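Trainee: This is the structure I have questions about; it appears just below.
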């Protein structure tokens, strides 16, 4: 948003400067418009950086935020690394009934279970590995979704259907793999889980859910009926603004293997995130309020399934 605002301001200045006529008047106009553009840009960024505060208060955002910070403090956590293993052991202790499920290549999914009152189960997932880029800590891309999913597992009691909370290893493709081979070489943990949990009633994936300027439209492959229920839950908890009535393109993510198994799935991902796979995806890019908004909306949504 910030970069697009600057581009628009620059366009105005260039257009005015190209006009012939009274140069001093034109320069004065340019200065005035530049000042106004800067004020609008600052006001816009300030508003975007303040996520809605939920009306509901059933999700412990402070605990989720603490876990997000703990992950970032571990540093880069690419699949197969010592930091990733340390994190997996920590997550196993936090999830109810936490245990590992093997993924080829020496990787592991971390799985927890909250038993429901009726038959059937729903999968709630996020990936806990980070892109294998030097110094990349993935505060939003990895840590955010993992923190919210883990805290949801520790918050929800006696749901209608059993909830399987799965933290996927190896979502990111190994270093050096071109983007064209991402689906074949990445999504390693979710491919294993989708086969094991192919009878799920639904799959809910949380990916980019913690960024400061949070806006999550429906991802193109996400089930429309499930998405309507999610938006309804978001409105009911007072955070509907973060789930606009728009649809973005389909994104290759950990929900795809579940869709291929016939499981209705949705992907919560704010893909208009300027720090995707960049070193600026650190604690300055995320917000506890965004974590809270995502957690409250998904908690209520899961209660409706």
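The values are calculated or read from the model by the stated rules, or taken from the named source; none is laboratory data. Since this is a predicted model, take the numbers as computed values, not measurements. Neighbour counts are summed over all protein chains in view; Cβ atoms, including those assigned to glycine, are modelled from backbone coordinates with ideal geometry.
Trainee: Can you pull out the residues in region 285-304 that are part of a loop (DSSP other than H, G, I, E, B) and surrounded by 20 or more Cβ atoms within 10 Å (Cβ to Cβ)?
Mentor: Step one: list which residues in region 285-304 are part of a loop (DSSP other than H, G, I, E, B), which gives 287, 304.
Within region 285-304, just 287 meets the criteria.
Trainee: Any idea how many residues of region 267-284 are part of a helix (DSSP H, G or I) and in contact with a helix residue (DSSP H, G or I) (Cβ under 6 Å, 6 or more places away or on another chain)? Break it down stepwise before answering.
Mentor: Filtering region 267-284 for residues part of a helix (DSSP H, G or I) gives 283-284.
Narrowing the set further to residues that are in contact with a helix residue (DSSP H, G or I) (Cβ under 6 Å, 6 or more places away or on another chain) leaves 283.
Selection size over region 267-284: 1.
Trainee: Let me ask something else. Sort through 241, 235 and tell me the only one that's outside any loop (DSSP other than H, G, I, E, B) and farther than 29 Å from residue 71 by Cα.
Mentor: Details: 241 fails: farther than 29 Å from residue 71 by Cα.
Checking each option against the conditions leaves just 235.
Trainee: Further question: Name the one entry in 133, 137, 148, 123 that is in contact with a strand residue (DSSP E or B) (Cβ under 8 Å, 6 or more places away or on another chain), closer than 25 Å to residue 85 by Cα and outside any helix (DSSP H, G or I).
Mentor: Working: 133 fails: in contact with a strand residue (DSSP E or B) (Cβ under 8 Å, 6 or more places away or on another chain); 137 fails: in contact with a strand residue (DSSP E or B) (Cβ under 8 Å, 6 or more places away or on another chain); 148 fails: outside any helix (DSSP H, G or I).
Criteria check complete, one pass: 123.
Trainee: Looking at residue 136, is it more than 16 Å from residue 253 (Cα to Cα) and modelled with pLDDT of 95 or more?
Mentor: Working: more than 16 Å from residue 253 (Cα to Cα): yes; modelled with pLDDT of 95 or more: yes.
Judged against the criteria, residue 136 is a match.
Trainee: Another question, then. Identify all residues within region 102-119 that are touching a strand residue (DSSP E or B) at 6+ places or on another chain (Cβ under 8 Å) and either crowded, with 20+ Cβ neighbours inside 10 Å or closer than 27 Å to residue 281 by Cβ (or both); write none if there are none.
Mentor: 103, 108, 109, 110, 111, 112, 114
Trainee: Residue check: is residue 283 touching a strand residue (DSSP E or B) at 6+ places or on another chain (Cβ under 9 Å) and at pLDDT 95 or above? It would help to see each step written out before you state the result.
Mentor: On the way: touching a strand residue (DSSP E or B) at 6+ places or on another chain (Cβ under 9 Å): no; at pLDDT 95 or above: yes.
No, not satisfied.
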